[in-house]
Amino acid sequence: MKVMIVVTHLLGTGHLSRALTLGRAFVEDGHETFVATGGMPAPQLDSAGMTLLGLPPLRSDGTDFTRLLTQSGEVAEEAYHAARATALVKAVQSFAPDVLITELFPFGRRSLAAEFLAGLQAARDLPRKPIILGSIRDILAPPSKPSKADRTEDIVCEYYDGVLVHSDQNVIPLAVSWPVTDRLNDRLYYTGFVAPKAPAPHREGVGKDEVLVSAGGGSVGQPIFRAAIEAARQMPNRRWRLLVGGQDAPARIDQLRQLAGDTSVIIEPVRPDFRQMLPLAAASVSMCGYNTALDILQSGTPAVFVPFDDGKEVEQSLRGQTLSEMPATSVLPSKKLDGETLARAVAEVVTSDPRPISDRGFDGATKSVEIAKQLKARA
């Protein structure tokens, strides 16, 4: 099959990372895979075996997902959006996929609805209409009003053959964060969680006995990094490593190094071998995004989660609630975050009973491939 995935990450890189994990599963199953990505470049992510098309890139203005900026920081004008839509339509027409997958839309990315709808219409107008699927994580940002949920459902019913829900229905059903009617429920396919294979310990021992502090691949997490430096001062016998992402990472790293002074804290850009460092680490300090939470569950690393809750974001807080009762896990609300509370939380998880390593339910990418193949065969 020819498979096309359309994804735009606007703040961090989690959406793109999950889409690429899905893409790799299609590649491994022998399918030609094309990914159209509309966010900022993220070269640290693995896109091996896939063809990538970078649309004119966009990012959000902080947590304001209605104000979209170009790579140079200017507000994206109508002509810029039109160029993205044109590029996407041409890509759909040229590649002519057998399966088209849109990541998050129409449950999110409403500010980009025009380009997604243009791509969907182009797919529907092909001589051989592809199977069209949505791809969504376990927990969504709940709709702010009923009309948004209704509009989403209308789009799903008009264009989509199904929606891949990357969760276990018995663990986190979609209804936890989104109103699910009978009409929508008929199109949902639960895949289990989408994650790469469990990470093996780093061959060179990088990360061993360290506290790894991360905040995804976007330009967020500075309060966590600052609190980590203060916590490291209170735990001088433990080495801390801060992994900083985003387009402005060099400037933020300089600021943090000045703050760290003569401490032994290591501060560096995000690394492609981060997952391999986790199994050796004494503890992880991170936000509570989908991909990071799965990395922690697969590695068994003691973890302190600081859910991202800027603006009206509730997704990570909801996910944190589902993880908070697990051993060697602490959830620290951002409003309580400082050096003292973080040091105390890290000390607690490091000395607590170990958390069993989860090895089941992470084959959502493989199951997504099987669902797509079944729907294609049925069509």
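The values are calculated or read from the model by the stated rules, or taken from the named source; none is laboratory data. Note that this is a predicted model, so its numbers are computed, not measured. Cβ coordinates were reconstructed from backbone atoms using ideal geometry, including for glycine residues, and neighbour counts include every protein chain displayed. Calculation scope for accessible area: heavy atoms of the full protein, side chains included, ligands and nucleic acids excluded. Shrake-Rupley method; radii C 1.70, N 1.55, O 1.52, S 1.80 Å.
Things worth noting here:
- Partner lysines for Lys376 [C-alpha distance under 20 Å; skip if fewer than 8 residues away on the same chain]: Lys2, Lys129, Lys367
- Kirkwood-type hydrodynamic radius, segment 127-253: 18.6 Å, calculated from all non-identical alpha-carbon pairs.
- Folded to 0 to 90 degrees: helix 249-260 orientation relative to the chain principal axis, Cα: 20
- Approximate spin-label separation Asn170-Arg183, in nm, with each point projected 7 Å along Cα-to-Cβ: 3.2
- Counting only protein heavy atoms and a probe of 1.4 Å, the accessible surface of segment 1-138 is 52% carbon and sulfur.
- Amide hydrogen neighbours beyond the local backbone of Leu10, cut-off 5 Å, H modeled: none
- With Cα atoms, 0 to 90° folded angle of helix 364-378 axis to the chain main axis: 10
- On Cα atoms only, tilt of 113-124 relative to the major axis of the chain in degrees: 50
- Whole-number accessible area per residue in Å² for the chain, which is evaluated in the context of all protein chains at 1.4 Å: 44
- Segment 183-256 versus segment 118-156: alpha-carbon centroid distance in Å: 31
- When DSSP beta bridges are restricted to pairs lying wholly in the chain, around 10% turn out antiparallel.
- Each Lys and Arg Cβ is given +1 and each Asp and Glu Cβ -1; about its Cα centre, segment 256-379 then shows a dipole of about 580 debye.
- When each of Lys145/Lys335; Lys148/Lys335; Lys145/Lys197 is checked by Cα-Cα distance, pairs over 32 Å: Lys145/Lys197
- Three-way shape call for segment 233-379 based on the alpha-carbon gyration tensor, with the a/c threshold at 1.5: prolate
- By definition, a body whose alpha carbon gyration tensor gives a ≥ b ≥ c is oblate when a/c is 1.5 or more and a/b is not larger than b/c, and segment 53-159 fits this oblate description.
- The chain: relative contact order in percent, alpha carbon pairs under 8 Å with at least 6 residues between: 15
- Taking other residues whose beta carbon is less than 12 angstrom from the beta carbon of Ala328, and scoring Lys, Arg as +1 and Asp, Glu as -1, yields -2.
- Across the options Ser286, Gln298, Phe362, the greatest Cα extent toward the positive end of the charge dipole of segment 267-379 (unit charges at beta carbon of Lys, Arg, Asp, Glu) belongs to Phe362.
- Rounded FRET efficiency, nearest 0.05, which uses the C-beta distance separating Ala200 from Leu117 and R0 of 45 Å: 0.60
- Just so you know, the Cα atoms of segment 1-113 work out to an Rg and Dmax of 13.7, 41 Å.
- Residue-wise HN-Hα couplings along segment 283-295, as the Karplus relation 6.51 cos²θ - 1.76 cosθ + 1.60 with θ = phi - 60° gives them from phi, are 6, 10, 10, 7, 6, 10, x, 3, 5, 5, 4, 5, 4 Hz; Gly and Pro carry x.
- Cα centroid separation - segment 281-353 against segment 25-87, whole Å: 29
- Dipole of the chain, positive direction: furthest Cα of Leu20, Ile266, Ser330, with charges on the beta-carbon: Leu20
- Taking amide H as placed 1.01 Å from N in the peptide plane, Asp61 has its amide H under 5 Å from the amide H of Arg67, Leu69, each at least 5 places away in sequence or on another chain.
- Vicinal HN-Hα couplings computed from phi for segment 36-53 (Karplus, 6.51 cos²θ - 1.76 cosθ + 1.60; Hz; Gly/Pro x): 9, 10, x, x, 5, x, 9, x, 6, 8, 7, 10, 4, x, 10, 8, 10, 10
- The chain: Rg to Rh, with Rh as the Kirkwood radius over Cα pairs: 0.97
- Just checking the listed ones, Thr102, Thr329, Thr86: in the Gaussian network model of the chain with Cα springs under 10 Å, the one fluctuating most is Thr86.
- Cα shape, segment 294-367, gyration tensor, a/c 1.5 rule: oblate
- For Val35, residues with placed amide H under 5 Å, excluding near neighbours: Ile5, Thr51, Leu52, Leu53
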